[in-house]
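What follows is a structure written as structure tokens; I'll ask about it next.
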Amino acid sequence: QGSRFPSSVMRVPRSRWRSWATVLVIVVCIYSVVWGGERKVGLATKLESNTHTGVRKALFRFPSLRRRGSVCLAVKPASASQRAVVPEASKAIRERTFTLAPGIDKDNARENPGRFRIFSYNVLADGPRYALSDYHGYSPIEFRRWKSRYPRILSEIHQYNPDIICLQEITRAMFQNSFYRDLQKEYTGLYAAKSDRRSKYQTSAMFVRTQRFKVLNGSLVSFARLSEDYFRSLGAHEGTFNDLDLMARMGAQDDKALIALLQDRNSQKKFVSISTHLYWNPKEPHVKSLQAYLLSQAAKDFLTRHNLDPDVGLVVAGDFNSLPNKTVPDAYDPIIPEGGLPSGAYKGLTTGVLTSLHPDHPCQRTKAECIGDLTFPIGLTSVYSYVYGSEPLITTKTDKFSGTLDYIFVRNLKVASALDMPFNDSSITKFGPIPNAAWPSDHIAICSDLIIP
């Protein structure tokens, strides 16, 4: 009988070909079911994930959502039986309300067709490196297991019904098997994939309500790779810049950001949404400062690359691992000036400049030559500071640390309101370490209503 295979394949004896094919099929199936996988097919990204009904696959046909990395739209729709049952939000979550920004009329803001809601949440990554580690041993294990935390996180999302969801500390399994599975009917999901060898590590994700916004374009930002370009521009390859310690520290961090160009389906107006998570280590604030600068530069380059109006609206949400103002000396900053010390990342993002004299500037933390003042090309305003006059007292609390690390920053978007924190100056002492029975993460979600002008 005639063969259906090319002659080049049929040069292998039939018996040997069948044996090799059988082995290959077995290996592929085991890999797909047990580990899942990711491979690039042209300009698309194929994802495989384990489900109760077998392996499901989908292609992400968004060729422009890439920058030497992978941005993934995950898997084929899951059946209703596979989706999580969403419980009612806890009383503490239901009691949170929104405060109007100065000069905003409630009725006018509600009826404004340009109003949308953005929600940002560090959900605490699942696994032995994160929620199940000894670091969170103060919290009972039943409050740290993903099967307990995830339905409660999902109930928070449903409680506030946002149009844009920015999530931090998302692993590939959490994105594919939880969030995308349950949000895909209403949202377009974007995921800042890390390399295969770091697929179990946490990263960022973004979900955009499909009926409200069209995702026109986007970019995956790798701070490590941006730093390579930055140091090259300073003359690293020619030997004129030789701060090897700074280059090594920046290159070692695999932190990411997602940039998406969105278009309002009603008004056809465009704006840019960014979800990010900066480096965590308090011992190296200069790394975070430079990451914040590179993020600002990446946003400007994104606007230029896509021929956008320089004054187009911009919202940046995430966990910046940077305090708005430190007032108590510690091991990392033993000397605090009068009035406090804003972190370098926060200072640069909100004022547009981080001078080389700031303690968090790389010049103050490394022994090599100074790179000079950092001028951030895009100035931002903090939503919570604008609405309340100051940042929240805290957005995260463990038994070892509490402080404000999470922010929503805007430019050329009107702030309508912000979600109140679940405490005030007097009641914060009663707010214990999280996660616990009421709060499913070690961070508190932040949320804001914005208006496209």
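With the requirement that a residue be among the hydrophobic types (A, V, I, L, M, F, W, C) and either open to solvent by 40 Å² or more (accessible area, probe 1.4 Å) or more than 20 Å from the chain's Cα centre (by Cα) (or both), what does the range 368-412 give you?
Within the range 368-412, A368, C370, I371, L374, F376, V387, L393, F401 meet the criteria.
If I ask for residues that are among the β-branched types (V, I, T) and either in contact (Cβ under 8 Å) with a residue 40 or more places away in the chain or touching a strand residue (DSSP E or B) at 6+ places or on another chain (Cβ under 9 Å) (or both), which ones from the range 127-157 would you list?
Within the range 127-157, I153, I157 qualify.
Please verify whether T355 is polar (S, T, N, Q), touching a residue at least 12 places away in the same chain (Cβ under 8 Å), more than 30 Å from P113 (Cα to Cα) and open to solvent by less than 30 Å² (accessible area, probe 1.4 Å), treating the condition exactly as stated.
In short, no.
Among the numbered criteria (1) at positive phi; (2) open to solvent by less than 60 Å² (accessible area, probe 1.4 Å), which one does N307 miss?
(2)
Please verify whether the range 158-181 includes one or more residues that are free of Cβ contacts under 8 Å to residues at least 24 places away in the same chain, surrounded by fewer than 22 Cβ atoms within 10 Å (Cβ to Cβ) and either within 22 Å of V315 (Cα to Cα) or not aromatic (F, W, Y) (or both).
The answer is no; no qualifying residue exists.
Also: With respect to K288, is the statement that it is assigned to a loop (DSSP other than H, G, I, E, B), open to solvent by 10 Å² or more (accessible area, probe 1.4 Å), out of contact with any Pro (no Cβ under 7 Å at 6 or more places or on another chain) and among the basic types (K, R) true?
No: the conditions fail for K288.
Tally time: how many residues in the range 413-434 are open to solvent by 40 Å² or more (accessible area, probe 1.4 Å), touching a Pro at 6+ places or on another chain (Cβ under 7 Å) and not in a strand (DSSP E or B)?
Qualifying residue count, the range 413-434: 0.
Also, I was wondering about something else. Return the total of residues in the range 104-134 being within 22 Å of the chain's Cα centre (by Cα) and either open to solvent by less than 20 Å² (accessible area, probe 1.4 Å) or not acidic (D, E) (or both).
Going through the range 104-134 one residue at a time, the tally reaches 17.
The values are calculated or read from the model by the stated rules, or taken from the named source; none is laboratory data. Everything numeric in this text was worked out from a predicted model, so none of it was measured. Here Cβ is always computed from backbone atoms with ideal geometry, including for glycine, and neighbour counts include all displayed protein chains. Surface areas here come from the heavy atoms of the whole protein model, side chains and all, with no ligands, DNA or RNA. Shrake-Rupley method; radii C 1.70, N 1.55, O 1.52, S 1.80 Å.
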